[in-house]
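After the structure tokens below, expect a handful of questions from me.
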Amino acid sequence: MKVKFHAVGAPTMKKDAMALVTGKPVYTQDLAPKDCLVVKVLRSPHAHALIETVDKTRALKVPGIVTILTWEDVPHEKRFTLAGQTYPEPSPYDRYILDRRVRFVGDPVAIVAGETEEAVDKALKMLKVNYQVLEPVLDFHTAKDNPILVHPEEDWHLNFPTGADNKRNLCAHELDEHGDVDKVMRDSDVVLTRTYHTKANQQAMMETFRAYTYMDVYDRLNVVASTQVTFHVRRILAHALHTSKSKIRVIKPRIGGGFGAKQTVVMEMYPAIVTWKTGKPAMMIFSRYESMIASAPRHKMGVTVRIGANKDGTIRALDVYTLSNTGAYGEHSSTTVGLSGHKSIPLYRLEAHRFAYDVVYTNHMSAGAYRGYGATQGIFAVESIVDELAKELSMDPSALREKNMVREGDVMPAYYGETARSCALNRCVNRAKEMIGWDEKYPCRDMGNGKIRAVGMAMAMQGSSISGIDVASVAMKVNDDGFYSLMIGASDMGTGCDTILAQMAADCMDCSVDDIVVHGVDTDISPYDSGSYASSTTYLTGMAVVRTCEKLRKKIIDRAAVYLECAPEELEFDGKIVSNEDGSKSISLKDIGNKIMCFSDESLMASDTQTSPVSPPPYMAGIAEIEIDKETCELKLIDYVAVVDCGTVINPNLARIQTEGGLAQGIGMALFEDVTYSSKGVLAENSFMQYKIPSRMDVGTIRVEFESSYEPTGPFGAKSIGEVVINTPAPAIAQAVYHATGLWFRELPITPEKIIRGLGKLK
């Protein structure tokens, strides 16, 4: 199929842009019926306890209260997982809607539904709960094989082996090795071992978790939810309610941000069971406080890295061990931790590598997916030890990377044996150095005003969908007047994927983007898609679009051949007209569409499905310039340059925005965002007053450019961009801080207080 590339590569405005900026009612809460019951949950004040009794008597007498549900009122036929993953999910089945055992401060104890928020709030205060308080497991370093079990139950279940054992507080385990790591380490001139820690960062999306539910005229449960995983919500609710998926319909409206948080089905089951039991429409909206204490933040990890190298700067081996804290439940436990090694080690050419991990249960809030999804934590560790190696070898860290980085055509044993078919990482590094003026500014400069400026760099990679698992499907039809309906199952969560997919379709069909009407996700109508996560949409769903358009073009020509009474081989389609070579026979797409509609002819529709045996990595280089006040240790990010290889850039505007947003989140992780628990398992940072996310004023100047490669397995040569962009700030800033202060920070965030304490220790 001939492609003209008139839409792909253009900075096309998002299809929903005007609706959003003019405040049109497009979000879940905007669309909910006015008579929805208000649903809230009573949450445990204990990190670990057994519920002995729940006295509902007084609460049920509150005017306007419709129902109160406890663990005794919900199905317990089979446990399930809230992880939005392709079935069979690798996450353990360790949940009920409500359980007698509560496993973290904030775990639901009872569901209250009433006609008004005031009534529900009053009823919540009147519930009397007797707990048998148990000792919690709060230190993830001692959780494995701890005599205190977070999940002692016998009905805990795995769909397939992931190395997990609930009787050891072990949620996942793996060991992957290539070559003789120990021998190579022994033969290396320099061997370093370091441990790095990252915190359980919050996604902090603008729109909190929310959903409303109702029974339709066919007695089916309808769920309208702000979710990234529409089809997975249907399956999970069917498991939770112990019913058939045919009885459930899930619809996704516009999403006010997700960043991976909404890949976990955090709260949809609560209004769902209220509607299921009462027949009344119900709605639940998480407060910001609830979104902080009972959601699905990034997995806290401790990553120990051993690196071996020769004196000339040749990195020979990496040995990575990750300890991950999944918290009270095991959502995304094995998949997230795997990326901490499989998407950090392959950045370098090595003789040998070893990667092992343990994921443990604790009595903290359960973790989940967050942009970067494990790679962020692992890259912070691996890139940081490479910086420490550069210091040990007295090398420029950029030269050390240039000597050892993965290059196009390399086989990557640590990345499932895939080949880097498209890799412009070397060009990304070189361009980033030019942009920042690395050679002039490295390592630091005393500005003569009590301030010192320093630079630091990092590289990153990610993936494009989960190879061999993720599935994308689209359907497309010709309408009267010749415009197209594009039906997708991927969830646009503000990324602009509806627009990007329409751009691809427009190029394939030689038409305007305005001629493509994109329909959002509805499980009754949309073709199946595993969801918007793992950087899958542009790469995977985009390829499904290309394949579907190829089929539809053929069908258009075949139908025109019937109308024109000639062979299809004689005809060509230019996007508007189907005609033969000399133009003596022709018919417009508009006329074809009208014939289909008005003369009861067979509809013109095509669909296709895409999965991929590979997951081509996007690459990125990031360089930070910081300024530190030598007296106060105030740290400011002055400049951050990023150069990204995401293959062909489909929409430069959206790609740039994705990069800038991801960098801001990575900067927040590096400098501001902290998560601490009390000795009783109570989260301190439970609002934006305590949990500090960066404003636009805190991130300095962000400059983004692209060094495109061409990915042969992607649509128009494209790869992903959504996640890789968060991965470089933490190690780049940590390196810059070292250049300015002489302090290595191996735990995030890096704050002025920590710098002061560190410098005090050096005196």
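Please verify whether L318 is surrounded by fewer than 24 Cβ atoms within 10 Å (Cβ to Cβ), of a type in the set (A, V, I, L, M, F, W, C) and not in a loop (DSSP other than H, G, I, E, B), treating the condition exactly as stated. Break it down into steps so the answer makes sense when it comes.
Details: surrounded by fewer than 24 Cβ atoms within 10 Å (Cβ to Cβ): no; of a type in the set (A, V, I, L, M, F, W, C): yes; not in a loop (DSSP other than H, G, I, E, B): yes.
It is false that L318 is surrounded by fewer than 24 Cβ atoms within 10 Å (Cβ to Cβ), of a type in the set (A, V, I, L, M, F, W, C) and not in a loop (DSSP other than H, G, I, E, B).
Across the range 558-567, what is the number of residues that are surrounded by fewer than 19 Cβ atoms within 10 Å (Cβ to Cβ) and either under 20 Å from C511 (Cβ atoms) or not assigned by TED's automatic domain parsing to the domain that holds F483 (or both)?
Of the residues in that region, 2 qualify.
For the structure I just gave you, tell me whether V250 is crowded, with 24+ Cβ neighbours inside 10 Å, modelled with pLDDT of 95 or more, outside any helix (DSSP H, G or I) and among the aliphatic types (A, V, I, L, M). Don't jump to the end; show me each part of the working.
Numbers: crowded, with 24+ Cβ neighbours inside 10 Å: yes; modelled with pLDDT of 95 or more: yes; outside any helix (DSSP H, G or I): yes; among the aliphatic types (A, V, I, L, M): yes.
So V250 passes the test.
Would you check if V578 is surrounded by 22 or more Cβ atoms within 10 Å (Cβ to Cβ) and modelled with pLDDT of 95 or more?
Criteria met by V578.
When the residues of the range 79-138 are filtered to those that are among the β-branched types (V, I, T) and in contact with a strand residue (DSSP E or B) (Cβ under 6 Å, 6 or more places away or on another chain), which remaining residue is nearest to V62 (Cα to Cα)? Step through it out loud before you land on a result.
Restricting attention to the range 79-138, the residues satisfying the condition of being among the β-branched types (V, I, T) are 81, 86, 97, 102, 105, 109, 111-112, 116, 120, 129, 133, 137.
When the remaining residues are screened for being in contact with a strand residue (DSSP E or B) (Cβ under 6 Å, 6 or more places away or on another chain), the result is 81, 102, 109, 111-112, 120, 129, 133.
Values: T81: 34, V102: 26, V109: 19, I111: 15, V112: 11, V120: 8, V129: 17, V133: 29 Å.
The residue in question is V120.
I need the full set of residues from the range 10-46 which are more than 27 Å from the chain's Cα centre (by Cα) and small (G, A, S), in order please.
Passing the criteria: only S44.
A further question follows. Quick one: which residue in G700, G681, G714 is small (G, A, S) and closer than 30 Å to S422 by Cβ?
G714
Let me ask you something else. For the range 686-702, does any single residue satisfy the condition of being crowded, with 23+ Cβ neighbours inside 10 Å and either touching a Pro at 6+ places or on another chain (Cβ under 7 Å) or under 30 Å from L134 (Cβ atoms) (or both)?
So far as the range 686-702 goes, no, none of its residues is crowded, with 23+ Cβ neighbours inside 10 Å and either touching a Pro at 6+ places or on another chain (Cβ under 7 Å) or under 30 Å from L134 (Cβ atoms) (or both).
Sort out which residues of the range 447-470 are surrounded by fewer than 23 Cβ atoms within 10 Å (Cβ to Cβ), touching a strand residue (DSSP E or B) at 6+ places or on another chain (Cβ under 7 Å) and among the β-branched types (V, I, T), and write them in order of number.
Once the filter is applied, which keeps residues that are surrounded by fewer than 23 Cβ atoms within 10 Å (Cβ to Cβ), touching a strand residue (DSSP E or B) at 6+ places or on another chain (Cβ under 7 Å) and among the β-branched types (V, I, T), the range 447-470 yields only I452.
To keep it simple, each residue is scored yes or no on (1) aliphatic (A, V, I, L, M); (2) in contact with a strand residue (DSSP E or B) (Cβ under 7 Å, 6 or more places away or on another chain).
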{"residue": "I693", "(1), (2)": "yes, no"}
{"residue": "D698", "(1), (2)": "no, no"}
{"residue": "V704", "(1), (2)": "yes, yes"}
{"residue": "T713", "(1), (2)": "no, no"}
{"residue": "F716", "(1), (2)": "no, no"}
{"residue": "G722", "(1), (2)": "no, no"}
{"residue": "A732", "(1), (2)": "yes, yes"}
{"residue": "A736", "(1), (2)": "yes, yes"}
{"residue": "A740", "(1), (2)": "yes, yes"}
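Taking the criterion of being within 21 Å of the chain's Cα centre (by Cα) and assigned to a strand (DSSP E or B), would at least one residue in the range 254-269 satisfy it?
yes
Which one of G302, G330 is surrounded by fewer than 24 Cβ atoms within 10 Å (Cβ to Cβ), assigned by TED's automatic domain parsing to the domain that holds T376 and within 30 Å of P45 (Cβ to Cβ)? Show your work before the answer.
Working: G330 fails: surrounded by fewer than 24 Cβ atoms within 10 Å (Cβ to Cβ).
Just a single option satisfies the conditions, and that option is G302.
With the checklist (1) in a loop (DSSP other than H, G, I, E, B); (2) out of contact with any Gly (no Cβ under 6 Å at 6 or more places or on another chain); (3) not hydrophobic (A, V, I, L, M, F, W, C) in hand, flag the one item K14 doesn't pass.
Condition not satisfied by K14: (2).
Quick one: in the range 627-684, of everything that is farther than 29 Å from M292 by Cβ and of a type in the set (S, T, Y), which residue is surrounded by the most Cβ atoms within 10 Å (Cβ to Cβ)?
The residue in question is T648.
Follow-up. Exactly one of (1) without any contact (Cβ under 8 Å) to a residue 60 or more places away in the chain; (2) surrounded by fewer than 17 Cβ atoms within 10 Å (Cβ to Cβ); (3) among the hydrophobic types (A, V, I, L, M, F, W, C) is unmet by I65. Its number?
I65 satisfies all of (1) without any contact (Cβ under 8 Å) to a residue 60 or more places away in the chain; (2) surrounded by fewer than 17 Cβ atoms within 10 Å (Cβ to Cβ); (3) among the hydrophobic types (A, V, I, L, M, F, W, C) except (2).
The values are calculated or read from the model by the stated rules, or taken from the named source; none is laboratory data. Predicted model only: the values in this text are computed from it and were never measured. Backbone-built Cβ (ideal geometry, glycine too); neighbour counts: all protein chains shown.
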